[in-house]
Amino acid sequence: MIGNIDKLYERLEANMDNRVWWDTENLWEIVVGAILVQNTNWKNVDYSLDNIREAIGFIPEKLAAIDILELQELIRPSGFYKNKSRALKEIFAWFETYNFDIAAIQQKDLPSLREELLSIRGIGQETADVLLIFVFNKVSFIADRYAQRIFNQLGLEEMLNYSKLQAMIKLPTDFTNQQAQNFHGWLVDYGQIHLKSEEAWEAGFLSDFELELV
């Protein structure tokens with residue numbers, strides 16, 4: 001277990017800019033984007049989001065009802081459109097069981113909600129945690145590839161997968177949802193700059209940060 005996550009957060013907070021992590025406040029658009037961004041870049045996702053926005057908007061009832069072949073054409077720019085269309089249809093069918101009431105879903109406890117999300121075809125651990133944080137207002141740690149590589153650079157010698165790293169991260173008990181969003185966003189932004197090379201890592205403000213393993 002890593003014992004000084006609070007200090008790592010403070011180091012990031014002192015050096016990184018605060019910003020909005022999604023370009024939309026529409027939670028349904030975030031749900032769609034979180035699925036479409038799997039195994040592609042955001043530029044391709046934007047094309048697909050524009051197509052959906054123009055065709056039906058981000059109205060959950062329409063997303064649940066749309067013909068899957070039509071949906072595949074709308075999201076084709078994102079790649080893997082057959083698998084992603086099935087995932088979208090399944091998650092919006094799941095939302096329909098809650099009458100598309102995000103506020104009601106937010107009342108569920110995190111472990112139960114995460115288990116439900118992971119039971120939906122096409123929703124893996126990273127996507128589930130993104131939804132937990134950015135849609136359902138929960139506090140969780142997204143142990144994505146950027147986080148894995150950063151923690152390796154910080155001294156975790158074994159190559160960690162998603163589950164192993166997440167198990168080692170115990171967020172402070174008073175961590176807020178906004179802090180969970182910031183922590184993820186800052187690690188991604190930092191990784192995009194400082195994981196390019198060893199020289200880039202050494203130039204970063206985390207190069208001398210020491211993890212406390214407990």
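The values are calculated or read from the model by the stated rules, or taken from the named source; none is laboratory data. Here the structure is a predicted model, which means the values were calculated and not measured. Note: ideal-geometry Cβ built from the backbone for every residue, glycine included; neighbour counts use all protein chains shown.
What pairs come up if the first residue lies in the stretch 60-81 and is in contact (Cβ under 8 Å) with a residue 40 or more places away in the chain, the second is of a type outside the set (A, V, I, L, M, F, W, C) and part of a helix (DSSP H, G or I), and their beta carbons are under 8 Å apart, counting only those six or more places apart or on different chains?
Sorted first by the residue in the stretch 60-81, then by its partner, the pairs are PRO60/GLU96; SER78/ASN44; SER78/TYR47; SER78/SER48; SER78/LYS84; GLY79/ASN44.
Can we say ASP23 is within 21 Å of the chain's Cα centre (by Cα) and over 23 Å from GLN166 (Cβ atoms)? Can you show your working first?
Details: within 21 Å of the chain's Cα centre (by Cα): yes; over 23 Å from GLN166 (Cβ atoms): yes.
Yes; evaluated as a whole, the condition is true for this residue.
Only residues that are surrounded by fewer than 17 Cβ atoms within 10 Å (Cβ to Cβ), farther than 15 Å from LEU213 by Cβ and among the hydrophobic types (A, V, I, L, M, F, W, C): list them for the stretch 137-173, please.
Selection gives MET159, LEU171.
Hand me the list of helices (runs of 4 or more DSSP H) wholly inside the stretch 109-210 holding 1 or more residues that are among the basic types (Lys, Arg) and touching a helix residue (DSSP H, G or I) at 6+ places or on another chain (Cβ under 8 Å).
Those helices (runs of 4 or more DSSP H) span 110-118, 145-153.
Which count do you get for residues in the stretch 178-214 that are hydroxyl-bearing (Ser, Thr, Tyr), surrounded by 13 or more Cβ atoms within 10 Å (Cβ to Cβ) and in the same structural domain as GLY155 (by TED's automatic domain parsing)?
So in the stretch 178-214, the residues hydroxyl-bearing (Ser, Thr, Tyr) come out as 190, 197, 207.
This time we only want the ones that are surrounded by 13 or more Cβ atoms within 10 Å (Cβ to Cβ), so: 190, 207.
Going one step further and asking which of them are in the same structural domain as GLY155 (by TED's automatic domain parsing), we end up with 190.
Result for the stretch 178-214: 1.
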